[in-house]
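The values are calculated or read from the model by the stated rules, or taken from the named source; none is laboratory data. Quantities reported herein were computed from a predicted structural model and do not represent experimental measurements. Using ideal geometry, Cβ is built from the backbone for each residue, glycine included, and neighbour counts are taken over all protein chains shown.
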Amino acid sequence: MKLTVWTYEGPPHVGAMRVATCMKGLHYVLHAPQGDTYADLLFTMIERRNHRPPVTYTTFQARDLGSDTATLFKTACQDAVDRFAPEAIIVGASCTAELIQDDPAGLAETMGLDIPVIPLELPSYSRKENFGADETFYQIVRTLAAPQERTSHVTCNILGPTALGFRARDDIEELTGLLYDLGVSVNVVAPFGATPTDIANLPAAHFNVLLTPETGEAAARWLEKTHGQPFTKIVPIGVGATRDFIAEVATITGLPCQPDESRLRMPWWSRSVDSTYLTGKRVFIFGDGTHVAAHARIARDEMGFEVVGIGCYNREMARPIRALARDYGVDALITDDYLEVEAAIEALSPEMILGTQMERHIGKRLGIPCAVISAPVHVQDFPARYSPQVGFEGANVIFDTLIHPLVMGLEEHLLTMFRDDFEFHDENGPSHHGGPAPRPPQADTPRDISEPKKVETGGDVLVWLADAEKELKKIPFFVRGKARRNTETFATEKGLAEISLETLYEAKAHYAR
Amino acid sequence: MNDLTPPIGGGCRTAPVLKQRGQREVFCGLTGIIWLHRKMQDAFFLVVGSRTCAHLLQSAAGVMIFAEPRFGTAILEETDLAGMADAHTELDREVARLLSRRPDIRQLFLVGSCPSEVIKIDLARAAERLSQVHAPHVRVLNYSGSGIETTFTQGEDACLASMVPVLKDTTARELLLVGALPDVVEDQMLALLGEMGIDNIRLLPARRIDDTTAVGPNTVFALTQPFLGDTHAELERRGARHIAAPFPFGDEGTTAWLQAIATEFGVSDDVFDRVTAAPRARARKAIAQAAEVLRGKSVFFFPDSQLEIPLARFLTRECGMTAIEVGSPYIHDALHGPDLDLLPAGPQISEGQDVDLQLDRARAARPDLTVCGLGLANPLEAEGLTTKWAIELVFTPVHFYEQAGDLAGLFSRPVRRKSLLRMEAAE
């Protein structure tokens, strides 16, 4: 038993729904009690899909438990096949149905349906959403993929994107265009938009592009082993990664692969002098393993940030993220405990967070700007506009995404210069965001100054003296956390018990860059 | 002045009810935690369940994430199921940890889920044991919000019903008002009754555990929500008497509800009219504005919160709409009867759901407005129907006079929006 406040991933059957919902001609018969239909709203409301997920829930109730839930399953299954006429069905159990052990797979098999029935074994009490999607897609591919000749020209499949994926719709379009530029056409994109017939045709491609390792790696590995299709290991998010990916495609295909970089604006945007203020901004990165790894490289090598912490919520990616963290000289945080992530961010006090929907809330609470770079996300992160992450346009989009939450460079200078200006101050937030609601005038409560603020730093107690504390308040919020932290570290290293105004400025000089 | 005459063609109380069994597109009772934890400010709701339960809560509450809400899920893991760990020991540990981190918590609800019910974790026993451990600071109760037993708002019913047996005894003649309302609405309700001279009032749920809600043979109670069937039964078991009335939605519903209480407490007509005249006039004016776009239009209710019957009464009688079908997850005659009496005969009344068959009926009827859950709204909009997602009706202050215009507005806004948007080429 583990107490959970928020979860980054749903149960594995939600992963199966992500696969079913993004496909066409496939139906999912899910043995589940009333209430599990809540998952439909993830797709219809959060992703704004205009059709119901192709899922039939058997909807058993307490009074059915003593009698015949197996018949209920068979009736629901037959009704679904008759009504929706799918090319194939997947069948499985949600967490409660797993406990009553009706064996949906066995039941469906005895029904003599004339379409492929793909059984799913998704252990609800040990695995999670990404596993569910990966395993479901793998089982579908394993059942349906048919041995066949390769296409005459060089083709590939794009594997992994699902419903509720981060920018999946636009990544597919951008990647398809990029591959076309390289002389590679796309045979099938799967599971996003694919029919069971398309899945059968996967082996016609020469190789696979694994766009989303979280949800497509098991299928990619199986296709490599069984149908001899190599798959790409680099996810082309960021300028460097996109160039590496192109080189990887060149190696696999033997094509010259000369990409058209005329639309790639990100490197100049990053080099141009206005971006100087980005230098060394301390960022904390958390999300799914794939996006975190890509963003660590972008942050350090393409934005000039300092990466102060990275982590992922999906344990399946723990190993690569740990290795990456060593490379960056930071600790990896592998957890799906939201409160642990919050504590880590609070302790590191970064100047910016790159994270998920959850980290946006953490950032809001701690007053740290946050850019969302990974699922899970809410409705505002399924944009109407074209907004890919992969390829050259993806790099442009990411540059904009990362600077938008920050105070602009020149504004940063002015805020520092006019610290005490009653109108032009940091509490207004970045000027391009629109103003916060005007606050009611604060009652002038006299602060208790008799007791200077004490900080515990691993055994030692540091005391901020009043004038230093006051000076700290004048530092704009977006650097205040760093200043406080640097000063405290400096004081601890020097063995000081008190922080005076002088200590504050000595620390500032010490950390100057 | 209080025209509550039944419709000329008769009401719907004796109309045949269509009962179908199939897939239900509804939330389970855990969802009630989302508003209950805000209402009871010293309560924590601990769901004993699966990752699905935790995911449901945050998805349904997705629009209102708090840094640290007063609810959480003790997620069952394989070791719990395989009997390798004693579920009760594990639960005791998690509760101890939780309460030590949150000393502000005075009442803890252990909430049963589908998995905990199926593997028969005895939460009543756990609540009793934990109550002894953490008394007197914390009271521990239990109820089930599982989908195999409860539909959406029934979770609140189960929660309140679990509190009735531990309410203090009283022999005083008191009015108990039952149902979680937004504080602003609750204050309006208390003010209206207070002006009529009724002030021996208790609330269930109270905002804090220290409040002195009690019950006994001289208690009369009124429900503010139409989904409190079990709580109703528990209160009668304690000897309290129910004041049956239409529910306080709209001008007419609010007046009828207040009138039933006023009659019980012998409030004169003069006093009643003096207190209600001004807010009634305001309500009528506000409803009239929103009803302009609703008049003459048809409405189809999918079952969701058990608010459907009172709301259909409001929309047909006060906003000039025609009901085609009024679906409710459950119909209790003792609760819904007075509203059914007033709802003009004609619509199909249905209880329970086979969602695919009901969608067929809605598509065939092409209603001007379809009230349905979040899973159905966008798909139906894409088919050209206009929808109102039902969950807003439980997340928005809609009771009593001052909210009557807002309530009508919730239904008129999608209709107005559809007529406002113009994206075709000009010619």
Filtering helices (runs of 4 or more DSSP H) wholly in segment B:42-111 for at least 3 residues that are closer than 21 Å to B:Glu128 by Cα gives B:87-101
Given the conditions (1) assigned to a loop (DSSP other than H, G, I, E, B); (2) within 11 Å of chain A (Cβ to nearest Cβ); (3) small (Gly, Ala, Ser), which single one is not true for B:Gly11? (2)
Qualifying positions in segment B:241-256 - within 18 Å of B:Ala214 (Cβ to Cβ) and surrounded by 22 or more Cβ atoms within 10 Å (Cβ to Cβ): none
Read through the list (1) assigned to a loop (DSSP other than H, G, I, E, B); (2) free of Cβ contacts under 8 Å to residues at least 12 places away in the same chain, then give the number of the only condition that A:Arg263 fails. (2)
Candidates A:Thr503, A:Thr487 - the one that is crowded, with 18+ Cβ neighbours inside 10 Å, more than 40 Å from the chain's Cα centre (by Cα) and under 27 Å from A:Val307 (Cα atoms): A:Thr503
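Of everything in segment A:15-38 that's assigned to a loop (DSSP other than H, G, I, E, B) and either in contact (Cβ under 8 Å) with a residue 24 or more places away in the chain or in contact with a His (Cβ under 6 Å, 6 or more places away or on another chain) (or both), which residue is nearest to the other protein chains (Cβ to nearest Cβ)?
In the first step, residues of segment A:15-38 are kept if they are assigned to a loop (DSSP other than H, G, I, E, B); the result is A:23-25, A:32, A:34-35.
Cutting the leftovers down to either in contact (Cβ under 8 Å) with a residue 24 or more places away in the chain or in contact with a His (Cβ under 6 Å, 6 or more places away or on another chain) (or both) gives us A:23-25, A:32, A:34.
Numbers: A:Met23: 17, A:Lys24: 15, A:Gly25: 17, A:Ala32: 8, A:Gln34: 4 Å.
Residue satisfying both the conditions and the ranking: A:Gln34.
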What about A:Ile334, is it in contact with a strand residue (DSSP E or B) (Cβ under 7 Å, 6 or more places away or on another chain), at pLDDT 95 or above and surrounded by fewer than 23 Cβ atoms within 10 Å (Cβ to Cβ)? yes
Qualifying residue in segment A:118-138 (condition: touching a strand residue (DSSP E or B) at 6+ places or on another chain (Cβ under 8 Å) and closer than 17 Å to A:Ala220 by Cα): yes
Determine whether segment A:49-60 contains at least one residue that is crowded, with 24+ Cβ neighbours inside 10 Å, modelled with pLDDT of 95 or more, within 24 Å of the chain's Cα centre (by Cα) and facing another protein chain (nearest Cβ under 7 Å). no
Regarding B:Asp122, is this residue among the acidic types (Asp, Glu) and either over 16 Å from B:Phe71 (Cβ atoms) or at pLDDT 95 or above (or both)? yes
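Matching residues to (1) crowded, with 18+ Cβ neighbours inside 10 Å; (2) touching a strand residue (DSSP E or B) at 6+ places or on another chain (Cβ under 6 Å); (3) in contact (Cβ under 8 Å) with a residue 40 or more places away in the chain; (4) under 14 Å from B:Pro344 (Cβ atoms):
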{"residue": "B:Leu258", "(1), (2), (3), (4)": "yes, no, yes, no"}
{"residue": "B:Ser268", "(1), (2), (3), (4)": "no, no, no, no"}
{"residue": "B:Val271", "(1), (2), (3), (4)": "no, no, yes, no"}
{"residue": "B:Gln289", "(1), (2), (3), (4)": "no, no, yes, no"}
{"residue": "B:Arg295", "(1), (2), (3), (4)": "no, no, no, no"}
{"residue": "B:Asp304", "(1), (2), (3), (4)": "yes, no, yes, no"}
{"residue": "B:Phe314", "(1), (2), (3), (4)": "yes, no, yes, yes"}
{"residue": "B:Asp333", "(1), (2), (3), (4)": "no, no, yes, no"}
For residues in segment A:68-107 being more than 25 Å from B:Leu76 (Cβ to Cβ) and free of Cβ contacts under 8 Å to residues at least 24 places away in the same chain, which is surrounded by the most Cβ atoms within 10 Å (Cβ to Cβ)? A:Asp79
Just checking, does segment B:45-54 include any residue being more than 9 Å from chain A (Cβ to nearest Cβ), out of contact with any His (no Cβ under 6 Å at 6 or more places or on another chain) and either over 20 Å from A:Tyr338 (Cα atoms) or at pLDDT below 95 (or both)? no
For segment A:38-48, does any single residue satisfy the condition of being more than 27 Å from the chain's Cα centre (by Cα) and not hydrophobic (A, V, I, L, M, F, W, C)? no
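Take the residues in segment A:382-404 that are touching a Leu at 6+ places or on another chain (Cβ under 6 Å) and part of a helix (DSSP H, G or I); name whichever of them is nearest to A:His291 (Cα to Cα).
Pass one, segment A:382-404, residues touching a Leu at 6+ places or on another chain (Cβ under 6 Å): A:390-392.
This time we only want the ones that are part of a helix (DSSP H, G or I), so: A:391-392.
Numbers: A:Gly391: 14, A:Phe392: 16 Å.
Among them, the one singled out is A:Gly391.
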List, please: which pairs have Cβ atoms under 9 Å, are six or more places apart or on different chains, and start with a residue in segment A:2-13 that is more than 7 Å from chain B (Cβ to nearest Cβ) and end with one that is assigned to a strand (DSSP E or B) and among the small types (Gly, Ala, Ser)? A:Tyr8/A:Gly287; A:Pro12/A:Gly92; A:His13/A:Gly92; A:His13/A:Ala93
